[in-house]
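For reference, the structure is listed below as structure tokens.
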Amino acid sequence: MNLEHHFASLGEAFSSKTLVQPLLEQRLVEFNQSLASFLSIDIKSTETKRILSGEDTLPLSLSMVYAGHQFGGFSPQLGDGRGVLLGEIRGQDGLLYDLHMKGAGPTPYSRRGDGRAVLRSCIREYLASEAMTALSIPSSRALALYDSREAVYRETPEAGAMLLRVAQGHIRFGHFEYFFYQGKQAQLDQLIDYCLKYYYPECLATESPLESMLIEVVKRTARIMAKWQAVGFQHGVMNTDNFSFTGETIDYGPYGFMEDYEPDWICNHSDHEGRYAFSRQPGVGLWNLNCLMRCFSKHLERDQLVAILQCYEPELQSHYDVLMMGKMGLCSAQDVHVLLPPLLSILASEKMDYTVFFRLLSHLDRSDFSLLLDEVIDRDRLSAWLERYAEARIKNELTWSQVSASMLTVNPKFILRNYLAHDAILAAERGDYLPFRRLLNVLTHPFDEHSESDILAQRAPEWGKSLEVSCSS
Ligand code: AMP
Ligand code: MG
């Protein structure tokens, strides 16, 4: 395996040397073959197996130091409390990717934590990160999952596990906050140069590379927020230490995918105030970017920073419009602006499943709306909306059925419902990974019919609606 160590070369101010500490009777239980091939990793070689499982130590593996605004309050020093960056590896696209082991044991930044992850949370992260990727949402990826016989204590003893994940970068907004608030100007400059060189090289040729890079970060963040909102994904812990400078969804914890449409839904049971409720996510994205921009107040004028932040809203709105035009099969943003708000109001009052609705809308017959009308209580209200919708939709140059076909490529049949993850976890905890694999298979091809797996597209049964997820993982 050709690991490189660019982040390690930044020096001691950025990280601490940390080795992966294998778990008791650790077993490789799942491996992402296509991602491994993309990264030219031979999973079968003994050398790779030993490195990935932590049995062979890598002299340059490290844990990163960063800071972060957590639920609004600033924590001046955080860091990888249970993650180890093994190094970077080049993908077939020529870009570098981080190999990062989560649950690898205590690090200098573990504070009171044990440095471990439980099987439950590794499975949740594996499924979510692969599902997001299949939905074209930039995300860290899952490369390998290890379970073990080691007990890890949360509310009760649970099985310890590790997840080997891959991302373009693990640099967070909180990295910049750490160096800025510590007054470490030289390291802040070093980090800026590092990000320009490895993540935003196209900005180097511009008049103001830092400004160009920050505009791109703002735009990537805006687009990712638009994608989360369009698909119904809620992150749950949008702290600045969980926000990636490369614009990827990272740090899956108590996340959720919207089932019954509820704009003020709060997926994280520990988020008592609803700070990170679904409808607040776009605003939090901007709040986090504002925290990030402060770190450059010695590099750029206030007006320049404000101008950079002003790129956020138009990018978010236009990207969201495009995504919703695709989901609704409409060819104008204006029609989306007129038709979407009343639709969302219907979905909320009917407690309609967001994913099921858009999939059925894709299958809707031009002359018979019963497919959708049979789903609701207030048929007249939905029927009136559908009439207006159909009028707008036929403005499209494509035929009704061509539009249907295109809608089916953007409205997933399968999303990661909490109760399905729960079932897969319970089985895995008994050593049965079949439900996990079955679920992973549909989530990685969420637009295909998989008629043999219809059951995995169904709405949650009553027991599955009240499952709680919180920060403890
Ligand atoms: P999160 O919001 O889950 O990303 O975690 C916030 C911080 O707590 C990060 O710095 C994590 O590395 C750290 N952390 C979370 N769980 C543990 C754990 N079990 N042991 C040590 N540190 C942890
Ligand atoms: Mg985190």
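Of the GluC sites (Glu not before Pro) found in region 190-286, those that fall in a DSSP loop while having at most 15 other beta-carbon atoms within 10 Å are Glu207, Glu273.
In percent, how large is the relative contact order of region 85-127, given Cα pairs closer than 8 Å and 6 or more residues apart? Intermediate results must be reported in sequence, preceding the final value.
On the way: 39 pairs, mean separation 11.0, N = 43.
The normalised contact order for region 85-127 reaches 26 percent.
Here each label is just a point 7 Å from Cα along the line to Cβ, and for Glu4 and Glu55 those points are 2.9 nm apart.
Got the relative contact order for region 329-407 handy, in percent, Cα pairs under 8 Å and 6 or more residues apart?
Details: 51 pairs, mean separation 34.2, N = 79.
Relative contact order comes out at 43 percent.
With all protein chains present and a 1.4 Å probe, how do Trp287, Trp265, Trp385 order by accessible area, largest first? Spell out each step's value before the answer.
Numbers: Trp287 95, Trp265 55, Trp385 5 Å².
Greatest to least solvent exposure: Trp287, Trp265, Trp385.
Annotation: for a label point projected 7 angstrom from Cα along Cα→Cβ of Glu150, residues of region 16-32 with backbone N closer than 11 Å are 20-27.
Only protein heavy atoms count here; under a 1.4 Å probe, Val306 has an accessible surface of about 50 Å².
In this view, the solvent-accessible surface of Phe71, computed with a 1.4 Å probe and all protein chains in place, comes to about 80 Å². Computed on the chain, with alpha-carbon pairs under 8 angstrom and 6+ residues apart, the relative contact order is 14 percent. The candidates Ile377, Ile43, arranged from most to least accessible area with a 1.4 Å probe in the full protein assembly, appear as Ile377, Ile43.
Exactly which trypsin sites (Lys or Arg not before Pro) in region 132-218 are in a DSSP loop and have at most 16 other Cβ atoms within 10 Å?
Values: sites: Arg141, Arg149, Arg154, Arg165, Arg172, Lys184, Lys197; in loops: Arg154, Lys184.
Taking region 132-218 and a limit of 16 other Cβ atoms within 10 Å, the loop trypsin sites (Lys or Arg not before Pro) found are Arg154, Lys184.
Can you give the FRET efficiency for His269 and Asp368, using 1/(1 + (r/R0)^6), R0 = 35 Å, r = Cβ-Cβ distance, to the nearest 0.05? That pair, His269 with Asp368, gives E of 0.25. Could you tell me whether the chain comes out rounded, prolate or oblate from its Cα gyration tensor? Rule is a ≥ b ≥ c as square roots of the eigenvalues, rounded for a/c under 1.5, then prolate if a/b exceeds b/c, otherwise oblate. Oblate, because a/c is 1.5 or more while a/b does not exceed b/c.
When nucleic acids and ligands are ignored and a 1.4 Å probe is applied, His6 ends up with an accessible area of around 40 Å². The length gained by stretching the chain between Asp303 and Glu387 to full extension, at 0.36 nm per residue less their Cα-Cα distance, is 25.5 nm.
Below 12 angstrom from the Cβ of Leu371, what's the summed charge of the other residues (Lys, Arg +1; Asp, Glu -1)?
Working: positive: Arg359, Arg366; negative: Asp365, Asp368, Asp374, Glu375.
Its environment carries a net charge of -2.
Send over a whole-number figure in Å² for the accessible area per residue of the chain, probe 1.4 Å. Show your work: numbers first, answer last.
Working: 19690 Å² over 473 residues.
For the chain, the per-residue accessible area is 42 Å².
For the pair Leu24 and Ser406, the difference between a 0.36 nm per residue extended length and the Cα-Cα distance amounts to 132.6 nm.
Looking at the chain, the DSSP beta bridges with both ends there are about 95 percent antiparallel. The GluC sites (Glu not before Pro) of region 5-59 that DSSP puts in a loop, and whose beta carbon has at most 14 other beta carbons within 10 Å, are Glu12, Glu25, Glu55. When the solvent-accessible area of the chain is split by element, carbon and sulfur atoms take up 51 percent of it, the probe being 1.4 Å. Note on surface exposure: Phe447, Phe257 rank Phe447, Phe257 by accessible area, highest first, 1.4 Å probe.
The values are calculated or read from the model by the stated rules, or taken from the named source; none is laboratory data. Because the structure is a prediction, the values reported are computed rather than measured. Cβ atoms come from the backbone with ideal geometry, glycine included; neighbour counts cover every protein chain shown. For accessibility, only protein heavy atoms count, side chains too; no ligands or nucleic acids. Shrake-Rupley method; radii C 1.70, N 1.55, O 1.52, S 1.80 Å.
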